[in-house]
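Any read-out appearing in this document is the output of simple, stated calculations on the displayed coordinates, not a laboratory observation. None of these values were measured; they are calculated from a predicted model. When we count neighbours, we look across all protein chains shown, and the Cβ atoms used for this are built from the backbone with ideal geometry, even at glycine.
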Amino acid sequence: MMIDPIAWLMGKVSIGLRGWRFDEGDIFTEDGELRSLDEMPLDVRNRVVRLSKLVDKPCDACWLIYGDDDVAACNVAEVVYGEPMAEVLVCGEHEVDLLYWYRIIDGHRFRGEERFQDAFHEWFAAGNRAPAGYAGIEHVETAPASLPRFDEVGEMEPVVTPEDFGIERKQIDLRRGDQDG
């Protein structure tokens, strides 16, 4: 069986904010170019368009603390959870509160529902928080292809990268619609 090296390298990617992940093949062409919106599956297109509106928005938890009167004190959101139009945006500091609510306080029962955002907001606005020391998620901030792996003798060797197959990576700014090579 032949393995397509391009398909093998493709995985899940986040765009703009962590949280919503997309299959690379739904977002990028085989040449690594951003697909036009009409070439993306409808659910992917809806999330990509929504993300363009969410980037640079304040963290919902910070906003619940400071409100519109002091929105400048809010951290910019880093992560999005939930469904489009019922999503929760959180900064790194408050992601642990959302995860605690979701995992331990039964927030997961609102998964996929329009009430997801409201339910978290109500819980957080009531003064609830994750207990000190509660572990959230450890995010990998670099491209997974650049992470080392251990071989059988314990030495580190580089993982195969898209560049090994002549694929050029590009940064895409969804707000401006431009690409940097």
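Here are the numbers:
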{"quantity": "Spacing of the two label points (7 Å from each Cα toward its C-beta) at Arg129 and Glu93, in nm", "calculated": "0.9"}
{"quantity": "Separation in nanometres of the label points that stand 7 Å from Cα toward Cβ, at Glu113 and Lys57", "calculated": "2.0"}
{"quantity": "Projected area, mean over directions - the stretch 56-125, Cα convex hull, nm²", "calculated": "4.2"}
